[in-house]
Amino acid sequence: MRARTATALIAIAAALVLLPASPARADRIDGNWCYKDRHMSIDGPKIITPGGTKMTGLYDRHGFQYTVPRGEPDPGAEVDMIQYDDNTIQVTTTGGDGSRTEIWNRCDLTT
């Protein structure tokens with residue numbers, strides 16, 4: 001009986017070692033984000049844009065999309081965000097003045 005238990009434990013340990021490691025996923029995109037002198041805040045489908053507009057967008061746990069509203073630079077442009085890790089998102093803006101990609105970092109609005 002002991003030999004069976006030992007063999008089973010060795011087999012389980014070997015299986016765990018052979019499992020492929022999956023990349024770590026960031027918890028969620030919600031929070032405050034900064035890039036140079038701009039900031040924005042995401043809370044589920046709600047966003048305060050870099051121009052200060054409170055609106056809703058398409059929310060995913062690790063991504064967010066919205067259309068830049070009138071009264072802000074590049075109105076009508078599409079903004080697509082993808083979270084890389086807990087502290088980094090890629091923000092791609094297309095339309096308006098062309099296309100650009102920026103790397104934003106998590107920040108505290110008081111800083």
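Derivation of every value follows stated rules applied to the coordinates shown; laboratory data play no part. Model, not experiment: these values are computed from the prediction. Here the Cβ is made from the backbone with ideal geometry for all residues, glycine too, and neighbour counts use every protein chain on show.
For this structure, a couple of remarks:
- Sites Ser41 and Thr88 - FRET efficiency at Förster radius 22 Å, r taken between beta-carbons, to 0.05: 0.85
- Counting Lys and Arg as +1 and Asp and Glu as -1 over every other residue whose Cβ lies under 11 Å from the Cβ of Thr67, the net charge comes to -3.
- Relative contact order for the range 24-106, counting Cα pairs under 8 Å that sit 6 or more residues apart, in percent: 25
- Converting the Cα gyration tensor eigenvalues of the range 24-106 into ellipsoid dimensions via √(5λ) gives semi-axes, longest first, of 19, 13, 12 Å.
- Rounded to whole numbers, the Karplus 3J(HN,Hα) couplings from phi for the range 66-76 are 7, 9, 4, x, 4, x, 10, x, 6, x, x Hz, using 6.51 cos²θ - 1.76 cosθ + 1.60 with θ = phi - 60°, and x at Gly and Pro.
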